[in-house]
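Undergrad: Have a look at this one.
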Amino acid sequence: MIFKNIFVYPRYPENLQKLYDLACNLWCTWNYSAIGLFYRIDTKLFREVNHNPLMFLSSLSKQKLKDLSEDKGFLYELDNIWEKFQHYLEYDRKCADECNEICGYNKDDVIAYFSMEFGLHESIPIYAGGLGILAGDYLKGASDMDLPIVGIGLLYKYGYFTQKIDRYGHQQEVFSTFENHLIPIRELHAPDGGLAYIDVMLLDEPVKVKLWKIDVGKVELILLDTDIEENKPHLRDITNELYVGDREKRLQQELLLGIGGIKALDYLEIKTRIYHFNEGHSAFAILGRLEQLVKKDKFTLSQAIAIIRASTVFTTHTPVIAGNENFDTKLIKKYLTPKLEKIGLKFDDIAKYGFIGEDSDRFWLPAFAMNFSKYINGVSVQHAQISKHLWSGLFPQMPSVEIPIHALTNGVHNCWVSPPFTDLFTRYLGPDYIHVARREEVWKNIYNIPDEELWDEHRRNKKDLVNFIRRQFVDQMIARGFSHAKMVNVNKSLNAEFMTIVFARRFAAYKRPTLILNDKERLVRILTDTNKPVQMIFAGKAHPADDYSKNMIKEILDFAREYNVEDRVIFLENYDINIARHLFWGSDIWLNNPKPDMEASGTSGMKAAMNGVMHVSTAEGWWPEGYDGKNGWIINAGRIYSNSEQQDIADANQLYDLLEYQIIEFYYDR
């Protein structure tokens with residue numbers, strides 16, 4: 001006898017249908033009026049379900065739903081928020097019209113945006129870090145601007161791992177299945193009413209792929225899923241895990257994303273004008289297009305290549321060659337040859353576009369994408385210059401300055417602005433400022449906000465951060481088996497009046513999360529100054545295979561314990577979107593200190609800055625463009641050294657000097 005779990009969606013009173021419809025669109029996860037509506041229903045439960053609106057509604061009792069349906073005050077607020085949602089959906093397209101004037105673009109010219117990960121909300125764990133957060137912000141921004149973009153990605157069974165830190169400071173990875181039917185996602189349906197599936201061939205095996213859709217405001221995100229019963233186990237697990245370590249399984253994922261993504265667009269009859277690849281993971285969409293153009297539309301190979309090049313955009317994010325996706329050519333040949341033969345093409349004729357120079361042993365997905373793209377961009381001015389040198393082997397006859405890799409500095413979505421600052425911006429800029437980001441006259445009004453109001457709202461954010469950390473940190477300490485007495489001490493130690501430094505990002509050696517620990521005794525003196533105390537918060541995940549970065553987490557925790565500053569140095573485990581937003585909102589100093597020429601953009605500092613938080617960073621990524629000498633501090637002492645150890649010493653000493661002689665004084669003497 002075989003048993004299956006069956007989920008039955010609850011029935012809602014008719015006058016609460018708007019509430020359910022709101023929960024099915026991610027707009028409700030970044031609009032604070034909508035978020036407040038869910039908090040009004042049951043604050044504790046909403047937090048317990050990780051702010052997942054659909055799971056939240058599904059967890060409410062029948063009696064609670066009945067009470068809400070009879071609560072006139074609640075129904076009045078629901079109607080008001082519904083009107084805001086309709087206004088958002090029906091906004092008059094001013095920004096899209098401006099883009100049409102500049103670019104000759106119209107609403108029917110769809111851009112297909114391919115990405116391996118999308119960071120949309122903490123309850124949808126199909127993201128790992130900055131690449132995914134950027135992709136999620138792009139979709140939200142496109143929705144605000146009413147631009148015709150559709151996202152293409154994969155729906156992972158486990159998503160990225162949940163980070164747990166044991167009592168000895170070791171990172172543990174937990175892979176938990178998340179319930180697809182309890183996130184704001186919908187199964188797509190075929191014209192005949194059945195569920196929507198496509199078939200993708202990997203080697204000689206057909207893989208059945210289920211199609212899902214997430215509504216991101218006005219924009220759709222299409223996700224591909226192989227975890228269905230019709231597939232064999234070794235095919236069903238292709239979409240199990242984001243950035244799976246098994247190289248062949250990773251290749252299968254990227255073939256599915258690229259070739260399957262093109263098939264999905266075709267199946268859904270989405271007429272695409274531009275194909276945008278967010279990093280090299282998406283490059284196999286080129287094969288999907290070759291199959292369409294050569295086999296179906298009967299173009300020659302040269303014609304097909306010309307068409308693809310005229311309609312493809314590629315964004316590179318990685319400033320280190322080894323960090324770019326590449327595979328052994330033998331493995332690539334194993335998978336591509338059957339596909340190309342069916343199209344009538346030879347492997348060597350296509351594979352050459354993935355080689356760098358004369359090296360045919362490695363197939364580079366970014367190279368493959370660049371060779372088929374009309375427009376290539378880095379994600380900051382600095383990164384574009386680095387990328388010109390990095391990929392010069394693809395342009396052997398060109399001087400570096402002429403290599404066609406352009407600078408398009410990353411941005412972030414306004415959902416990272418805290419509720420208090422959102423209210424300020426709405427009052428001083430007008431409620432529709434999110435739709436007219438290019439209009440300088442709108443943003444000039446930012447200077448009309450009184451300094452006192454900005455500071456008061458920052459203090460509110462900081463108090464909220466302290467309360468949030470207390471809840472999070474106490475839960476972590478309970479899980480690690482610490483005593484109740486120690487938890488009480490930590491609760492008392494956090495102080496909204498202390499200057500607070502935050503270092504929160506993916507833990508990797510080049511980001512130097514432990515740079516500030518270079519001189520531990522000096523750091524302790526800074527932290528424990530009785531007149532001008534400082535507290536520091538760390539957060540971030542290390543890749544499961546990166547033992548070096550895991551040891552950096554342990555070093556931070558060991559330092560706090562050995563120097564008796566556990567009340568001043570806190571590591572928050574399982575860094576995600578929810579933790580990130582609280583840190584962006586409430587920190588005083590956002591610290592970023594990667595090694596020279598290793599940070600492509602680093603947009604976390606932007607999210608902090610838009611909440612009035614001061615930025616302290618090495619001259620990396622976007623900061624050389626953003627720093628004006630008055631709006632933060634720059635760390636650059638190590639740039640004169642070529643030796644890595646000397647760089648660390650110089651940068652750490654400059655950081656200590658900045659803290660002791662400028663930043664801390666500036667904070668306490670404001």
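The values are calculated or read from the model by the stated rules, or taken from the named source; none is laboratory data. Just so it is clear, the model here is predicted, and its values are computed rather than measured. Glycine gets a Cβ as well: all are built from the backbone with ideal geometry, and neighbour counts include every protein chain shown. Areas reflect the complete protein model, heavy atoms only, side chains present, ligands, DNA and RNA absent. Shrake-Rupley method; radii C 1.70, N 1.55, O 1.52, S 1.80 Å.
Undergrad: Looking for whichever is surrounded by 14 or more Cβ atoms within 10 Å (Cβ to Cβ), of a type outside the set (Phe, Trp, Tyr), modelled with pLDDT under 95 and in a helix (DSSP H, G or I) here; the options are Lys333, Lys295. Which one fits?
TA: Details: Lys333 fails: modelled with pLDDT under 95.
When all the criteria are applied, what remains is Lys295.
Undergrad: Here's another thing I want to ask about it. Please work out which residue is farthest from Asp204 (Cα to Cα), limiting yourself to the range 354-381 and to residues that are open to solvent by less than 40 Å² (accessible area, probe 1.4 Å) and part of a helix (DSSP H, G or I).
TA: Met370
Undergrad: What helices (runs of 4 or more DSSP H), lying completely within the range 23-83, carry at least 3 residues that are in contact (Cβ under 8 Å) with a residue 60 or more places away in the chain?
TA: 53-59
Undergrad: Give the residues of the range 32-59 that are polar (S, T, N, Q) and open to solvent by less than 20 Å² (accessible area, probe 1.4 Å), sorted by residue number.
TA: Across the range 32-59, the qualifying residue is only Asn52.
Undergrad: Additional query: Which condition does Arg670 not pass, out of (1) in a helix (DSSP H, G or I); (2) within 30 Å of Thr530 (Cβ to Cβ); (3) at pLDDT below 95, if it passes all the others?
TA: (1)
Undergrad: Within the range 542-568, work out how many residues are closer than 20 Å to Gln472 by Cα, touching a residue at least 24 places away in the same chain (Cβ under 8 Å) and open to solvent by less than 10 Å² (accessible area, probe 1.4 Å).
TA: So the answer is 4.
Undergrad: Here's a follow-up. Within 30 Å of Lys44 (Cβ to Cβ), part of a helix (DSSP H, G or I), modelled with pLDDT of 95 or more and of a type outside the set (Lys, Arg): is that true of Asp464 in this structure? Steps first, answer last, please.
TA: Values: within 30 Å of Lys44 (Cβ to Cβ): yes; part of a helix (DSSP H, G or I): yes; modelled with pLDDT of 95 or more: yes; of a type outside the set (Lys, Arg): yes.
Yes.
Undergrad: Here is a check on your reading of the model: is Thr29 loosely packed, with under 13 Cβ neighbours inside 10 Å and under 27 Å from Leu424 (Cβ atoms)?
TA: Values: loosely packed, with under 13 Cβ neighbours inside 10 Å: no; under 27 Å from Leu424 (Cβ atoms): yes.
Spelling it out, it is not the case that Thr29 is loosely packed, with under 13 Cβ neighbours inside 10 Å and under 27 Å from Leu424 (Cβ atoms).
Undergrad: Still on this structure, I have one more. Go through the range 495-518 and give me each residue that's open to solvent by 10 Å² or more (accessible area, probe 1.4 Å) and more than 23 Å from Met598 (Cα to Cα).
TA: Selection gives Asn495, Ala496, Glu497, Phe498.
Undergrad: Another question about this same structure. Can you pull out the residues in the range 188-206 that are outside any strand (DSSP E or B) and either closer than 26 Å to Leu336 by Cα or touching a Leu at 6+ places or on another chain (Cβ under 7 Å) (or both)?
TA: Leu188, Ala196, Leu203, Asp204
Undergrad: From Ser587, Ser601, grab the single residue that is buried (at least 21 other Cβ atoms within 10 Å of the Cβ), hydroxyl-bearing (Ser, Thr, Tyr), touching a residue at least 24 places away in the same chain (Cβ under 8 Å) and touching a Phe, Trp or Tyr at 6+ places or on another chain (Cβ under 7 Å).
TA: The match here is Ser601.
Undergrad: Of the residues Glu220, Glu230, only one is assigned to a loop (DSSP other than H, G, I, E, B) and either under 18 Å from Ile259 (Cα atoms) or open to solvent by 10 Å² or more (accessible area, probe 1.4 Å) (or both); which?
TA: Details: Glu220 fails: assigned to a loop (DSSP other than H, G, I, E, B).
Going through Glu220, Glu230 in turn, just one is assigned to a loop (DSSP other than H, G, I, E, B) and either under 18 Å from Ile259 (Cα atoms) or open to solvent by 10 Å² or more (accessible area, probe 1.4 Å) (or both): Glu230.
Undergrad: Would you confirm whether any residue within the range 385-403 is at pLDDT 95 or above and closer than 24 Å to Asp204 by Cα?
TA: no
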